[in-house]
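The values are calculated or read from the model by the stated rules, or taken from the named source; none is laboratory data. Everything numeric here is computed off the predicted structure, so don't read it as measured data. We place every Cβ from the backbone using ideal geometry, glycine too, and count neighbours over all the protein chains shown. Quick note on the areas: whole protein, heavy atoms, side chains included, nothing else; ligands and nucleic acids left out. Shrake-Rupley method; radii C 1.70, N 1.55, O 1.52, S 1.80 Å.
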Amino acid sequence: MSNVTAAVIANRNKKHFLGVPAPLGYVAGVGRGATGFTTRSDIGPARDANDVSDDRHAPPATKRKKKDEDDEEDEDLNDSNYDEFSGYSGSLFSKDPYDKDDEEADAIYDSIDKRMDEKRKEYRDRRLREDLEKYRQERPKIQQQFSDLKRSLATVSAEEWCNIPEVGDSRNRKQRNQRAEKFTPLPDSVLSRNLGGETSSTIDPSSGLASMVPGVATPGMLTPTGDLDLRKIGQARNTLMNVKLSQVSDSVTGQTVVDPKGYLTDLQSMIPTYGGDINDIKKARLLLKSVRETNPNHPPAWIASARLEEVTGKVQMARNLIMRGCEINPQSEDLWLEAARLQPTDTAKAVIAQAARHIPTSVRIWIKAADLETETKAKRRVYRKALEHIPNSVRLWKAAVELENPDDARILLSRAVECCNTSVELWLALARLETYENARKVLNKARENIPTDRQIWTTAAKLEEANGNIHMVEKIIDRSLTSLSANGVEINREHWFQEAIEAEKSGAVHCCQSIIKSVIGVGVEEEDRKQTWMDDADFCAKESAFECARAVYAHALQTFPSKKSIWLRAAYFEKNHGTRESLEALLQRAVAHCPKSEVLWLMGAKSKWLAGDVPAARGILSLAFQANPNSEDIWLAAVKLESENAEYERARRLLAKARGSAPTPRVMMKSARLEWALDRLDDALRLLEEAVEVFPDFPKLWMMKGQIEEQQQRLEEAANSYNLGLKKCPSSIPLWILSANLEERKGVLTKARSILERARLRNPKTPILWLEAIRVELRADLKEIASTMMARALQECPNSGELWAEAIFMESKPQRKTKSVDALKKCEHDPHVLLAVSKLFWSEHKFSKCRDWFNRTVKIDPDLGDAWAYFYKFELVHGTEAHQKEVLDRCISAEPKHGEAWCRVSKHVKNWCFKTPDILKAVVKEITIPV
């Protein structure tokens, strides 16, 4: 106990740092101010670099130790361990202790390396992909090397596919097939020996030896119940071999000669062309065999059996089957025709001749016999032989007549109509070949034999018209309706209209008009006549039967001479499908019956004016004034006629008279516009000030007043005019936009925004106001505000084509295509969206698609002038002269009136005399190519 106490006391008095290594960074004496120093003994004596090392005086052991350390260091720092990027592979400080400072430094360096690696990852991945693509281009995969060969597989024919050999080793496949059970063939001599001590030539199938004979006890095959005669098996095998050898042996020299080409050809002919399951073929063959045996007099069974064998490649068997069927059923024309089809041409002639002997009254067999002949003379002989047996067959007569010249055909048809006197086609064919007098006799005989057919009557009417007897045409048509009704034939309007259309297409205009006149009222109620006849005219126009349509309109106008709507429809029809003379003649009759119809007067005057006959146009308008003394449209038409022919003083006098007799807002507006166009601004303002006092709710007057004041640089007065106009006409969208644009030009952007905001409050869901507000922001280069406003606009007006078209080109180039898809989903048939998509394709240099979409745009809305302008500019840049002329002609024909750029040019006062081609070319200069 005392010893333990002493040990504890000794340990307590012992210093705790004795025998413990110094802490990291410990320097003795630093706490009391001591500093380290170096003496000469620490660094050794001073010496030159060329002095001999002091190691020469060291003891041998020390030298050896020093040499080992140098060798070890040299191993780490020699050239074999040096790398261009990472330096020496050995560590220069491997002998020093690895403390916490080193660990912390390594962690910092690792984090820096990791961060730098993440920064360079994208570049490194891209570089890796580029290197890989470059490598693949230099060393492509096997799959890529054969890609061109794979594409050429599309041209491989079905026959070449069938000739491709099977893949795999036939020897290995045979071994795999025999792996389940192997047989060892034995010669007959072994099998015929004494088996079991007893001489026998047969084997009991139940014994184990039976499995040694191939096919005797093979699983899955039928095993005979009786004994097998082995000698007979061998004899049969030898006989079969002798037959095969004799087939390929040369009978002249006695040597066996095999023709490899012929052999391969035979093998090829044995390949079945049927690609189905062979079990299905066997089942079908058994089923058809059962049908033939059960009912041998059923021709379809024989035909089906023959076609089955034909499909499986056994053509000869098919021929045998079908001929067997013909023997059993000699009266079946289907069997004989099938047999002729399966046989070669020479044999088929014999077969069809045999068929004709069995069934001499079959038309199909005789026609097949004629088809098998190659010479026309032989065909004629066959048909004449056929007509001896079947003289009443229209089909045979027609086929025979087609092979003859006109003279012989006429003789044949004379006989044909005697044999087939109820065939309309034969009678009409004979009438076409006869002279006028004989044709009339033929048609009379035809009517006697067939009193219920309308074609004979219409042919007679066409015949009379062709020979100049116009007065007879209407009589024949009237008699035809009477005769057909007497014979119980129902008069069908649709059928007779088709006859009239056919008559017009054949050139018989009077005949078609007579038919229309005679049948137009058949079966039509009195109250439905007008609508029914207008529908008839539209139907005829769609069928391009314009004379029939004119006949319908003529009869309708004769029945309803005072109906303005019928006259208008007839006039528009003549304008689209007739001549200028026919239109003017119709309009003269129209104004005589409907003098109060201003449109008819104006159409007549415009027709004369477009033809260059200005005095005649003035005369028509003067007559129109007499019939309609206070008509605004006629006054303005007269003013337009004079102003566009540079008769400005006459136009001013006409407008002055109009203001005195019919002071309407349009007359006042046209008066001011004429003064404005003639650069008489003060007179125009005076007229407008008078007009706005009388007609304050007509917005165009305020708009013109403000624009003239803007032109005079009186901006405050212009703004005041716009504000007054907006108080009177708050629903006028162009007036709001003009007011906002004025403030924008003055530089007061905030006020312009305020005006447009007020306009949207007064006129909600108006896309044009939203579009103008967005463009104000875009012109101020505030794209973010414009994008936000566009989103709000599309929420309020989701089906606005103008907004979607603007939204497409507000996006960046990569996003435009996606935006266009969204626009087409919302506005599939909007012309503004289609125009924007066309411009998008143009900017992407997809010229073929661009042309297609431009065509779609102008087809959907031919009144949109901007679409025509962009289309024409596209053709000027990328099209041919033919394309340019086509677009220009189509635009002139369409006469567009709308479109932002189009109206900006056409409504400018300096362009007031521009025609459609001038406006189009001016707009083309103004618009830019989309980018």
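Would you check if there is a residue in the range 414-425 being among the small types (Gly, Ala, Ser) and more than 53 Å from the chain's Cα centre (by Cα)? So that I can check it myself, show each step before the final result.
So the first thing to find is which residues in the range 414-425 are among the small types (Gly, Ala, Ser), and the list is 414, 416, 423.
Then drop every residue that is not more than 53 Å from the chain's Cα centre (by Cα), which leaves 414.
Scanning the range 414-425, I find at least one residue that is among the small types (Gly, Ala, Ser) and more than 53 Å from the chain's Cα centre (by Cα), so the answer is yes.
Which condition breaks for Glu642 when tested against (1) over 24 Å from Ile733 (Cα atoms); (2) charged (D, E, K, R); (3) open to solvent by 30 Å² or more (accessible area, probe 1.4 Å)?
So Glu642 meets the others, but not (3).
Which of the residues belonging to the range 88-105 are surrounded by 10 or more Cβ atoms within 10 Å (Cβ to Cβ), modelled with pLDDT under 85 and farther than 21 Å from Ala22 by Cβ?
If the condition is that a residue be surrounded by 10 or more Cβ atoms within 10 Å (Cβ to Cβ), modelled with pLDDT under 85 and farther than 21 Å from Ala22 by Cβ, then Tyr88, Ser89, Gly90, Leu92 are the ones that fit.
With a cut-off of at least 2 residues that are open to solvent by 80 Å² or more (accessible area, probe 1.4 Å) and farther than 30 Å from Gln795 by Cβ, name the helices (runs of 4 or more DSSP H) lying wholly within the range 814-931. Walk me through how you get there before you give the answer.
Working: elements: 831-843, 847-860, 865-878, 881-894, 900-906, 916-926.
Output list reads 847-860, 881-894, 916-926.
Return the total of residues in the range 657-677 being touching a helix residue (DSSP H, G or I) at 6+ places or on another chain (Cβ under 9 Å) and either open to solvent by 50 Å² or more (accessible area, probe 1.4 Å) or hydroxyl-bearing (Ser, Thr, Tyr) (or both). Walk me through it before giving the result.
Step one: filter the range 657-677 for residues touching a helix residue (DSSP H, G or I) at 6+ places or on another chain (Cβ under 9 Å), giving 657-659, 661-677.
Those still in the list that are either open to solvent by 50 Å² or more (accessible area, probe 1.4 Å) or hydroxyl-bearing (Ser, Thr, Tyr) (or both) too: 657, 659, 661, 663-664, 666, 670-671, 673.
The number of residues fulfilling the criteria is 9.
For the range 724-744: of the residues being out of contact with any helix residue (DSSP H, G or I) (no Cβ under 6 Å at 6 or more places or on another chain) and more than 20 Å from Trp770 (Cα to Cα), which is most open to solvent (accessible area, probe 1.4 Å)?
That would be Lys727.
Looking at (1) surrounded by fewer than 20 Cβ atoms within 10 Å (Cβ to Cβ); (2) at pLDDT 80 or above; (3) of a type in the set (Asp, Glu), find the lone condition where Glu465 falls short.
Failed condition: (1).
State whether the residues of the range 538-548 include one that is touching an Asp or Glu at 6+ places or on another chain (Cβ under 8 Å), aliphatic (A, V, I, L, M) and touching a residue at least 12 places away in the same chain (Cβ under 8 Å).
Yes: the range 538-548 contains one or more residues that are touching an Asp or Glu at 6+ places or on another chain (Cβ under 8 Å), aliphatic (A, V, I, L, M) and touching a residue at least 12 places away in the same chain (Cβ under 8 Å).
Take Arg753 and tell me if it is closer than 30 Å to Ala807 by Cβ, open to solvent by 50 Å² or more (accessible area, probe 1.4 Å), assigned to a helix (DSSP H, G or I) and without any contact (Cβ under 8 Å) to a residue 60 or more places away in the chain.
Details: closer than 30 Å to Ala807 by Cβ: yes; open to solvent by 50 Å² or more (accessible area, probe 1.4 Å): yes; assigned to a helix (DSSP H, G or I): yes; without any contact (Cβ under 8 Å) to a residue 60 or more places away in the chain: yes.
So Arg753 passes the test.
Which members of the range 542-583 meet the condition of being open to solvent by less than 20 Å² (accessible area, probe 1.4 Å) and either modelled with pLDDT under 85 or not in a helix (DSSP H, G or I) (or both)?
The one that is open to solvent by less than 20 Å² (accessible area, probe 1.4 Å) and either modelled with pLDDT under 85 or not in a helix (DSSP H, G or I) (or both): Ala545.
Any residue at all in the range 914-929 that is hydrophobic (A, V, I, L, M, F, W, C) and touching an Asp or Glu at 6+ places or on another chain (Cβ under 7 Å)? Reasoning before the result, please.
In the first step, residues of the range 914-929 are kept if they are hydrophobic (A, V, I, L, M, F, W, C); the result is 914, 919-920, 922-924, 927, 929.
Still in the running and touching an Asp or Glu at 6+ places or on another chain (Cβ under 7 Å): none.
No, the range 914-929 contains no residue that is hydrophobic (A, V, I, L, M, F, W, C) and touching an Asp or Glu at 6+ places or on another chain (Cβ under 7 Å).
Return only the number of the condition from (1) closer than 30 Å to Cys540 by Cα; (2) within 53 Å of the chain's Cα centre (by Cα); (3) assigned to a helix (DSSP H, G or I) that Met472 does not satisfy.
If we test Met472 against (1) closer than 30 Å to Cys540 by Cα; (2) within 53 Å of the chain's Cα centre (by Cα); (3) assigned to a helix (DSSP H, G or I), just (2) comes out false.
If Val909 meets every condition in (1) among the hydrophobic types (A, V, I, L, M, F, W, C); (2) under 25 Å from the mean Cα position of the chain (by Cα); (3) modelled with pLDDT under 90 apart from one, which number is that one?
Answer for Val909: the failing condition is (2).
Yes or no: the range 472-482 includes at least one residue that is touching a residue at least 12 places away in the same chain (Cβ under 8 Å), crowded, with 16+ Cβ neighbours inside 10 Å and basic (Lys, Arg).
Residues of the range 472-482 that are touching a residue at least 12 places away in the same chain (Cβ under 8 Å), as a first pass: 473-474, 476-481.
Cutting the leftovers down to crowded, with 16+ Cβ neighbours inside 10 Å gives us 473-474, 476-477, 480-481.
So of that shortlist, the ones also basic (Lys, Arg) come out as none.
So far as the range 472-482 goes, no, none of its residues is touching a residue at least 12 places away in the same chain (Cβ under 8 Å), crowded, with 16+ Cβ neighbours inside 10 Å and basic (Lys, Arg).
Pick from Arg171, Arg136, Arg115, Arg176: which is open to solvent by 100 Å² or more (accessible area, probe 1.4 Å), in a helix (DSSP H, G or I) and either acidic (Asp, Glu) or at pLDDT 70 or above (or both)? Please lay out each step first, then the result.
Working: Arg171 fails: either acidic (Asp, Glu) or at pLDDT 70 or above (or both); Arg136 fails: open to solvent by 100 Å² or more (accessible area, probe 1.4 Å); Arg176 fails: either acidic (Asp, Glu) or at pLDDT 70 or above (or both).
Result: Arg115 is the single residue among Arg171, Arg136, Arg115, Arg176 that is open to solvent by 100 Å² or more (accessible area, probe 1.4 Å), in a helix (DSSP H, G or I) and either acidic (Asp, Glu) or at pLDDT 70 or above (or both).
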